[in-house]
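None of the figures in this text is laboratory data; all of them are computed from the coordinates on show. All figures in this text were calculated on a predicted structure; none of them were measured in a lab.
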């Protein structure tokens with residue numbers, strides 16, 4: 001089953017109110033997709049992990065949320081984002 005087929009079945013049977021979201025972690029030095037948006041750069045605001053995911057769900061954006069973009073270090077830690085001491 002292709003991702004398009006899966007999306008079509010979800011739309012047919014579930015009809016979610018927002019876009020489905022997949023999370024992928026970038027490796028050290030890996031560049032984000034060209035159209036990806038960073039909330040801190042685009043909106044000028046620090047965000048929590050859940051806010052970053054909500055932006056993707058509501059607007060369909062590909063978002064990149066890095067440790068320096070985080071407002072909630074504990075939420076980032078629970079989500080698996082590596083936080084350095086300088087961010088805390």
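Dividing the C-alpha radius of gyration of the chain by 2.2 N^0.38 Å, with N its residue count, gives 1.22. Between helix 49-59 and the chain there is an angle of about 40 degrees, using the helix long axis and the longest principal axis of the Cα atoms.
Look at the alpha carbon pairs under 8 Å that are at least 6 residues apart: their mean separation over the length of region 19-79 gives a relative contact order of 37 percent.
Result for the chain in a Gaussian network model with C-alpha springs under 10 Å: among 14, 23, 47, the largest mean-square fluctuation is at 14.
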